[in-house]
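Read the structure below first, then the notes.
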Amino acid sequence: MKNEYLPYKAIIKSIQKESFDTNTYKVVFSDEKIRNSFDYKQGQFAEVSILGIGEAPISITSSPTRKGYLEFTIRGAGCLTKKIHQLNVGDSLYVRGPYGNAFPYEEIKGKNIYFIAGGIGLPPLRSLINIIMDNREEFGNVKILYGAKTPDELCFKQELEMWKKIPNTEVWLTVDKSYGDWKHNVGVVTELWKKTDVCSKNAVAFVCGPPIMIKFVVMKLIESGFKNKDIIMTLERYMKCGIGKCGHCNVGEKFVCVDGPVFTYEEIGKIPAKERAI
Ligand SMILES: Cc1cc2nc3c(=O)[nH]c(=O)nc-3n(C[C@H](O)[C@H](O)[C@H](O)COP(=O)(O)OP(=O)(O)OC[C@H]3O[C@@H](n4cnc5c(N)ncnc54)[C@H](O)[C@@H]3O)c2cc1C
Ligand code: FES
């Protein structure tokens, strides 16, 4: 019988510094069988651990279309993640999963897609962005609206440059505080509505970021004509097991680890306001 709590060893192959407190880790399972059989979908997460230190849910930011490795973008927030930041290429992590539901993919083919992210909200969306980029002709226009506190806190700076060169793809950036040779917008992410047309016709919007940002972005999307079912987001909650057993992650009647982390705003609307944090 498979032990659902058993993590597998993965070796760090590269570390990309995203900002002062966030790195992207490319890891490869040391067991070839696990490497070949670890199938995941866009939007799922894994429980990442260092033995004897702890374990945390982390979104899989790599795309399932790019095989043989996984990528995690990790902010040094606490006990485990600060220890991960002390690891080097060649060191190992442990990974179990994949867990949770996924962003819709087949259902959004042919649609115009909006990605609206704040800070470390871009990593959970990147998996879906890159599958779409790998199958670009199957989708309508793609617009990425991304904000961070400062230019240095934007994740995936090189990829943002690459994505905007892809036909029918736009990338709009904003920061709360600019410096240096920053050429993009200054202000909160909803101010990007003044820079580009956000149109709900045949469109779906994926939103990820801090709760306060999600709240204002959802209001703007609804003003722009989006229906609640076409606004899709991920929820973060404190998790332990990741597999629906411990009850740590419930919101209303849902467990974020198995019913989520991806929810439509229509589903979130059914959760009591004091429990949903947005
Ligand atoms: C589905 C999902 C996906 C995620 N994806 C990512 C990701 O891609 N990248 C990423 O960096 N993070 C991600 N997270 C968040 C990450 O799992 C947490 O930040 C995790 O707590 C980090 O573990 P840690 O041991 O390093 O930090 P912890 O020691 O848990 O501390 C993290 C922060 O939370 C505070 N804290 C700790 N316990 C509590 C508590 N009980 N109540 C209130 N505050 C508390 C601490 O003071 C600290 O500021 C995700 C979370 C979920 C649920
Ligand atoms: S983390 Fe245990 S039930 Fe969700």
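Computing FRET efficiency as 1/(1 + (r/R0)^6) for D91 and K2, where r is the C-beta to C-beta distance and R0 is 30 Å, gives about 0.65.
Packing-wise, with mean Cβ within 10 Å as the measure, how do 197-210, 121-134 rank, highest first?
Working: 197-210: 19.0, 121-134: 23.1.
Top to bottom by mean Cβ count within 10 Å: 121-134, 197-210.
Quick one: Cα convex hull volume of the chain, Å³ per residue? List each step's numbers first, then the result.
Details: hull volume 37.6 nm³, N = 278.
Roughly 135 Å³ of hull volume per residue.
In this simple spin-label approximation, E159 and V258 carry label points 7 Å from Cα along the Cα→Cβ vector, and these lie 3.0 nm apart.
Farthest toward the positive end of the dipole of the chain, out of S63, G78, V256, is the Cα of G78, where the dipole comes from beta carbon charges about the Cα centre.
What chymotrypsin sites (Phe, Trp or Tyr not before Pro) in segment 12-92 are in a loop by DSSP, with at most 13 other Cβ atoms within 10 Å of the Cβ? Write down the numbers at each step before the final one.
Values: sites: F20, Y25, F29, F38, Y40, F45, Y69, F72; in loops: F20, F38, Y40, Y69.
Counting only loop positions with at most 13 other Cβ atoms within 10 Å, the chymotrypsin sites (Phe, Trp or Tyr not before Pro) in segment 12-92 are F20.
For I53 and C199, what is the calculated FRET efficiency with R₀ set at 51 Å and r taken between the beta-carbons, to the nearest 0.05? Given R0 = 51 Å and the Cβ-Cβ separation, E is 0.60. Each of G247, M1, G52 was scored by the projection of its Cα onto the charge dipole of the chain, and the greatest displacement toward the positive side belongs to G52; charges sit on the C-beta of Lys, Arg, Asp and Glu.
Normalised by residue count, segment 106-233 yields a Cα convex hull volume of 98 Å³ per residue. A simple spin-label model places pseudo-atoms 7 Å from Cα toward Cβ; at K13 and K67 they are separated by 1.3 nm.
Applying a 10 Å radius around every beta-carbon, put 187-194, 2-9 in order of their mean neighbour count, most first. Spell out each step's value before the answer.
Numbers: 187-194: 17.2, 2-9: 11.5.
Result, highest mean first: 187-194, 2-9.
Quick check for you: which residues of segment 47-80 have the amide N under 11 Å from the point 7 Å beyond the Cα of E138 toward its beta carbon? From segment 47-80, the list is 65.
Under the criterion of Cα pairs below 8 Å and six or more residues apart, the relative contact order for the chain equals 17 percent.
Which whole number of Å³ per residue matches the convex hull of the alpha-carbon atoms in segment 8-99?
Values: hull volume 8.0 nm³, N = 92.
Looking at segment 8-99, the number lands at 87 Å³ per residue.
Where a number appears in this text, it was derived from the coordinates with a stated rule and is not lab data. Note that the coordinates shown come from a computational prediction; the quantities given were computed from them, not determined experimentally. In this analysis, Cβ positions are derived from the backbone assuming ideal geometry, glycine residues included, and neighbour counts consider all displayed protein chains.
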